[in-house]
Every structure is written in C-alpha cells, then in structure tokens.
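Single-structure report; data block below.
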Amino acid sequence: MTEFSRRLQRCRQAAGYATLGEFYRSAGGRPILRCTLAQYRNIERGRCTPKAKVMYGLLTVLDLWKEPEK
C-alpha cells in the first residue's frame with residue numbers, strides 16, 4: 001500500500017463508506033469516477049495511481065475539492 005492509497009482509504013472511511021465497493025456504487029460508479037470498480041480497487045490498494053480525470057472524480061465525490069469562486 002502506498003501513502004496515497006492509505007490516505008484515500010482514510011478519506012473514504014471518514015466520508016462514511018465502510019467498503020470500497022459501497023463507495024464506488026454510491027458515488028455513481030464509472031460515469032462519475034471515470035474508472036471501473038476493478039481499477040478503483042487497484043488505486044485504493046496502491047497497485048496504481050489514478051489518472052487526472054479519475055483523481056478529479058475522487059476529490060469531487062469525497063468533497064476534497066472546491067472550485068475557486070470567481
């Protein structure tokens with residue numbers, strides 16, 4: 001497990017999702033997170049890092065990203 005994957009897992013749990021599958025489905029799955037469940041599992045387990053589009057989806061769903069106000 002990588003530092004990133006540990007932090008991602010903690011953020012998911014802090015958001016109230018006990019399992020990665022529960023989070024993935026509640027978040028809206030592939031259309032929102034832009035990855036399959038298997039790909040998300042690999043990200044959270046530290047086997048790979050997310051691409052920018054996936055990272056944006058994760059940050060948005062976990063409420064860790066706010067668009068700057070104009």
Residue by residue through the range 1-49, note down the ones that are exposed (fewer than 12 other Cβ atoms within 10 Å of the Cβ), closer than 14 Å to Leu64 by Cβ and among the aliphatic types (A, V, I, L, M).
Ala14
Please go through the range 48-70 and pick out each residue that is in contact (Cβ under 8 Å) with a residue 40 or more places away in the chain and among the charged types (D, E, K, R).
Asp63
Residues that are under 16 Å from Phe4 (Cα atoms) and part of a loop (DSSP other than H, G, I, E, B), drawn from the range 53-64
Leu62, Leu64
Looking only at the range 50-63, which residues are hydrophobic (A, V, I, L, M, F, W, C) and exposed (fewer than 14 other Cβ atoms within 10 Å of the Cβ)?
Ala52
Failed item in (1) outside any loop (DSSP other than H, G, I, E, B); (2) touching a Lys or Arg at 6+ places or on another chain (Cβ under 9 Å), with Leu8 passing the rest:
(2)
So which residues in the range 11-52 are out of contact with any Phe, Trp or Tyr (no Cβ under 7 Å at 6 or more places or on another chain), of a type outside the set (A, V, I, L, M, F, W, C) and assigned to a helix (DSSP H, G or I), if there are any at all?
Gln13, Gly21, Glu22, Arg25, Arg30, Pro31, Gln39, Arg41, Asn42, Glu44
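Where a number appears in this text, it was derived from the coordinates with a stated rule and is not lab data. Being a predicted model, the structure only gives us computed values, none of them experimental. Cβ: placed from backbone, ideal geometry, glycine included. Neighbour counts: every protein chain shown.
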